[in-house]
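Visitor: Below is one structure. I have some questions about it.
The values are calculated or read from the model by the stated rules, or taken from the named source; none is laboratory data. All figures in this text were calculated on a predicted structure; none of them were measured in a lab. Note that each Cβ is placed from the backbone with ideal geometry, even for glycine, and that neighbours are counted across all protein chains shown.
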Amino acid sequence: MNILIIGDVYGHAGRAMIEKLINDVIKVEKISFVICNAENITNGRGTSREDYNFLKFHNVDVLTGGNHTFDHYETFDLLQEKNDILRPANYNKFTPGKGTVLINFAGIKIRVTNLLGRTFMNQNTNNFYEVMDDILENEEKANIHIVDFHGEASSEKIAFAHNYKNQLTAVVGTHTHVQTADDQIIDEKLAYITDIGLTGAFHSIIGANTKEVIYREKTGMPIRLRTADGNGQFCAVVIKIDNNTYKPTEIKRIYLKNVAA
Ligand SMILES: [Fe+2]
Ligand SMILES: [Fe+2]
């Protein structure tokens, strides 16, 4: 089976790309299951109810999050109401929602787990190795287990992937909004990419309005950034999984650039 994982969808520009491209990608790549990082879909800040419904309408099975998950108050409610939206699992136990879910897909058990890196992230999270070990030991076993590792540091992500190559199916990075070219199958066991990249505005600073980011950098003023307008881009990976062994056979990058909105 083929699983599509879409990188951070940012604001109205990201939604426009989903609306325009996701159906074709699902058809051409023969996709059965879709995971999407939704931490920035509501103007860069969290996931509103309307945007959750938008992604569900466009065939997304599981929404993952990151450091911006709790920027929108409606995300708190969604995390407690819905089974298919995650926040990083390594926030502490008092945090609303959950960071791992098992979905039964036509008899195949697919687990999706969301984790947050600790290097340069400025978030009060627990050790992700401890949390991952705990999930693997105590949660129901799955045929396919995919981790969205949301983090800044490339070394942190690939070290994590190597450590769990025997227990997981794929570790895909999100958060930097820049697609890396290091897609690989580690030891023929685990599909990996350091970062899937941004689904949002093409002429932007990782999704946000260029002028506003430069103004903020120059002045140091903490201005709120708006989503950039104009043409977009769509970043994702397709992971092909053997239907008998459930091992990943291929990871394919998708980077559609400068697409008219
Ligand atoms: Fe992001
Ligand atoms: Fe992030």
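Visitor: Quickly run through region 182-218 and pick out the residues that are under 14 Å from residue 7 (Cβ atoms) and of a type in the set (A, V, I, L, M).
Guide: 193, 196, 198, 201, 206
Visitor: Run residue 70 past the list (1) more than 18 Å from residue 18 (Cβ to Cβ); (2) more than 13 Å from ligand 2 (Cβ to nearest atom); (3) hydrophobic (A, V, I, L, M, F, W, C); (4) touching a helix residue (DSSP H, G or I) at 6+ places or on another chain (Cβ under 9 Å) and report the number of the one that doesn't hold.
Guide: (2)
Visitor: Tally up the residues in region 62-78 that are among the β-branched types (Val, Ile, Thr) and away from ligand 1 (no atom under 13 Å from the Cβ), please. Lay out the reasoning, then the answer.
Guide: Residues of region 62-78 that are among the β-branched types (Val, Ile, Thr), as a first pass: 62, 64, 69, 75.
Among the residues that remain, those that are also away from ligand 1 (no atom under 13 Å from the Cβ) are: 62, 75.
Total satisfying the criteria: 2.
Visitor: Out of (1) buried (at least 24 other Cβ atoms within 10 Å of the Cβ); (2) under 23 Å from residue 119 (Cβ atoms); (3) among the β-branched types (Val, Ile, Thr); (4) touching a Phe, Trp or Tyr at 6+ places or on another chain (Cβ under 9 Å), what's the single condition that is false for residue 64?
Guide: Condition not satisfied by residue 64: (4).
Visitor: Now a separate question. Would you be able to say whether some residue in region 119-129 is within 16 Å of residue 164 (Cα to Cα), in contact with a Leu (Cβ under 6 Å, 6 or more places away or on another chain) and at pLDDT 95 or above?
Guide: Within region 119-129, one or more residues are within 16 Å of residue 164 (Cα to Cα), in contact with a Leu (Cβ under 6 Å, 6 or more places away or on another chain) and at pLDDT 95 or above.
Visitor: Something else now. Where residues in region 151-195 are touching a residue at least 60 places away in the same chain (Cβ under 8 Å), part of a loop (DSSP other than H, G, I, E, B) and within 24 Å of residue 123 (Cα to Cα), which of them is farthest from ligand 1 (Cβ to nearest atom)? Walk me through it before giving the result.
Guide: In the first step, residues of region 151-195 are kept if they are touching a residue at least 60 places away in the same chain (Cβ under 8 Å); the result is 169-170, 172, 174-175, 177, 179, 181, 183-185, 191, 193, 195.
Remaining after also requiring part of a loop (DSSP other than H, G, I, E, B): 169, 175, 177, 179, 181, 183, 195.
Those left that are additionally within 24 Å of residue 123 (Cα to Cα): 175, 177, 179, 195.
On the way: 175: 5, 177: 6, 179: 13, 195: 10 Å.
The extreme case among them is 179.
Visitor: With the structure loaded, tell me whether residue 78 is without any contact (Cβ under 8 Å) to a residue 60 or more places away in the chain and within 26 Å of residue 245 (Cβ to Cβ) or whether it fails that test. Quick ask: steps written out before the conclusion?
Guide: Values: without any contact (Cβ under 8 Å) to a residue 60 or more places away in the chain: yes; within 26 Å of residue 245 (Cβ to Cβ): no.
No.
Visitor: Would you point out which residue out of 198, 225 is of a type outside the set (S, T, N, Q), on the phi < 0 side of the Ramachandran plot and in contact with a Cys (Cβ under 7 Å, 6 or more places away or on another chain)?
Guide: Every option except 198 fails the conditions.
Visitor: Have a look at 249, 176 and point out the one that is under 21 Å from residue 6 (Cα atoms) and within 16 Å of ligand 2 (Cβ to nearest atom).
Guide: Result of the check over 249, 176: 176.
Visitor: Going by what's in this entry, would residue 37 be described as buried (at least 24 other Cβ atoms within 10 Å of the Cβ), within 16 Å of ligand 1 (Cβ to nearest atom), within 25 Å of residue 225 (Cβ to Cβ) and within 15 Å of the chain's Cα centre (by Cα)?
Guide: For residue 37, the condition - buried (at least 24 other Cβ atoms within 10 Å of the Cβ), within 16 Å of ligand 1 (Cβ to nearest atom), within 25 Å of residue 225 (Cβ to Cβ) and within 15 Å of the chain's Cα centre (by Cα) - is met.
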